[in-house]
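Enquirer: Here's a structure for you.
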Amino acid sequence: MPVFSAPRHVSSHLTIEVVSTADLIFSVAVSDEYPEIDETLTFRVGDVELEAEEVVAPTGARLHRIRETPVGLLDVDYRATVSAPAPPAPLLGIDEIAYTRPSRYCDSDRLANLSATHFAGLTGLELVAATRDWVNTKIAYLIGSSRSIDGALDTYLNRSGVCRDFAHLVIAFLRGLNLPARFVSVYAPGLSPMDFHAAAEAYVDGAWRLIDATGLAPRDSMVRICTGRDASDTAFMTTLGGFTNLKWMQVSAWVDGQLPEDDGLRQVALR
């Protein structure tokens, strides 16, 4: 598989109203798997800069936790240039178990019979391609059409959703046929409207293959932020205690030179 090597530039800016003292976790920094990252990440309430504890997950996801965030407007600013691709993502010892089981939003146990019906006789890369094509053509991408509590079966029944819903349905279909599949949050140059984006990865023929059933951005230039079972593991912001309101958010992602072309079906790794 060819590897996209042009520098990629990403940024995100959040303004959060902290109504009562809160314990906050952010997942906006790119994964630590990238060998060359030039970045800044700041957390400020007014003129006061807050310290954040970084926790790195086994997948390379970097979570930043702020304990006892004071009341006020919290501004989160992140900028990074990723100058080189990451090495191929490994298959960890737990992956074939964790990413084949049902999870909160990827209720593959409820979709297993449908998976067997829609994709009878297919395995490996043929199964991945057919799953991507089914979700791409049968599910309408409609902003605001789904709820934050909707899982893959809801998306299947409603026939509409946004990127996270597309990814959840792809993953649930694949897990329903015992193929390891997982959820990834990414920065996606070329995405319109620009936002944090979600896609899926499936482990096939000895490698993780990137699947984006929305087809809204070229996969080669995407930058991994966080990896997990589903969106519950990869949220850009989590409030563990206290009360907060997201007041404003802006996300940007672009590359040096031209964006790569992508037909959505060829084999691509998230690098």
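Enquirer: Name the one entry in Ala6, Ala57, Ala22 that is of a type in the set (Gly, Ala, Ser), surrounded by 15 or more Cβ atoms within 10 Å (Cβ to Cβ) and under 21 Å from Leu246 (Cβ atoms). Outline the logic, then answer.
Expert: Values: Ala6 fails: under 21 Å from Leu246 (Cβ atoms); Ala57 fails: under 21 Å from Leu246 (Cβ atoms).
It is Ala22.
Enquirer: Return yes when Asp109 is in a strand (DSSP E or B), more than 23 Å from Arg219 (Cβ to Cβ), of a type in the set (D, E, K, R) and touching a residue at least 60 places away in the same chain (Cβ under 8 Å) and no when it is not. So that I can check it myself, show each step before the final result.
Expert: Values: in a strand (DSSP E or B): no; more than 23 Å from Arg219 (Cβ to Cβ): yes; of a type in the set (D, E, K, R): yes; touching a residue at least 60 places away in the same chain (Cβ under 8 Å): yes.
No, not satisfied.
Enquirer: Can you name the residue in the range 133-164 that is in a helix (DSSP H, G or I) and in contact with a Gly (Cβ under 7 Å, 6 or more places away or on another chain) and, of all such residues, is surrounded by the fewest Cβ atoms within 10 Å (Cβ to Cβ)? Quick ask: steps written out before the conclusion?
Expert: At the first step, the residues of the range 133-164 found to be in a helix (DSSP H, G or I) are 133-138, 152-158, 163-164.
The next check asks that each one be in contact with a Gly (Cβ under 7 Å, 6 or more places away or on another chain); those that pass are 136, 155.
Details: Asn136: 18, Thr155: 26.
Per the criteria, the residue is Asn136.
Per-residue answers, yes or no, for (1) surrounded by 24 or more Cβ atoms within 10 Å (Cβ to Cβ); (2) in the same structural domain as Gly228 (by TED's automatic domain parsing); (3) at negative phi:
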residue	(1), (2), (3)
Arg104	no, yes, yes
Gly124	no, yes, no
Ala129	no, yes, yes
Ala172	yes, yes, yes
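Enquirer: Can I ask one more? Testing Arg266 on (1) at negative phi; (2) at pLDDT 95 or above; (3) not aromatic (Phe, Trp, Tyr), one condition comes back false. Which one is that?
Expert: Status for Arg266: all satisfied but (2).
Enquirer: Out of Ser31, Ser115, Ser20, I need the residue that is in contact (Cβ under 8 Å) with a residue 40 or more places away in the chain and not assigned by TED's automatic domain parsing to the domain that holds Asn245. Which one?
Expert: Values: Ser31 fails: not assigned by TED's automatic domain parsing to the domain that holds Asn245; Ser20 fails: not assigned by TED's automatic domain parsing to the domain that holds Asn245.
When all the criteria are applied, what remains is Ser115.
Enquirer: Of all the residues that make up the range 154-173, how many are touching a helix residue (DSSP H, G or I) at 6+ places or on another chain (Cβ under 7 Å), under 18 Å from Ala112 (Cα atoms) and free of Cβ contacts under 8 Å to residues at least 60 places away in the same chain?
Expert: Looking only at that region, the number is 7.
Enquirer: I would also like to ask the following. Within the range 87-122, how many residues are touching a Leu at 6+ places or on another chain (Cβ under 8 Å) and either within 26 Å of Ser12 (Cβ to Cβ) or β-branched (Val, Ile, Thr) (or both)?
Expert: 2
Enquirer: Then there is this: Of everything in the range 75-90 that's hydrophobic (A, V, I, L, M, F, W, C) and over 18 Å from the mean Cα position of the chain (by Cα), which residue is surrounded by the most Cβ atoms within 10 Å (Cβ to Cβ)? Write out each step before concluding.
Expert: In the first step, residues of the range 75-90 are kept if they are hydrophobic (A, V, I, L, M, F, W, C); the result is 76, 80, 82, 84, 86, 89.
Checking which are over 18 Å from the mean Cα position of the chain (by Cα) leaves us with 76, 84.
Values: Val76: 23, Ala84: 14.
Of everything passing the filter in the range 75-90, Val76 is surrounded by the most Cβ atoms within 10 Å (Cβ to Cβ).
Enquirer: Return the residues of the range 165-200 that are among the aromatic types (Phe, Trp, Tyr) and either in contact with a strand residue (DSSP E or B) (Cβ under 6 Å, 6 or more places away or on another chain) or in a loop (DSSP other than H, G, I, E, B) (or both); say none if nothing qualifies. Walk me through how you get there before you give the answer.
Expert: If we filter the range 165-200 for residues that are among the aromatic types (Phe, Trp, Tyr), which is where we start, we get 166, 173, 183, 187, 196.
Passing the criteria: Phe183, Tyr187, Phe196.
Yes/no matrix, rows are residues, columns are (1) of a type outside the set (Asp, Glu); (2) more than 21 Å from Thr239 (Cα to Cα); (3) assigned to a strand (DSSP E or B):
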position: His13; (1), (2), (3): yes, no, yes
position: Ala29; (1), (2), (3): yes, no, no
position: Leu41; (1), (2), (3): yes, no, yes
position: Pro88; (1), (2), (3): yes, yes, no
position: Asn113; (1), (2), (3): yes, yes, no
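The values are calculated or read from the model by the stated rules, or taken from the named source; none is laboratory data. In this text the structure is predicted, and so the values were computed from the model without any measurement. So basically every Cβ, Gly included, is an ideal-geometry build from the backbone, and we count neighbours across all protein chains shown.
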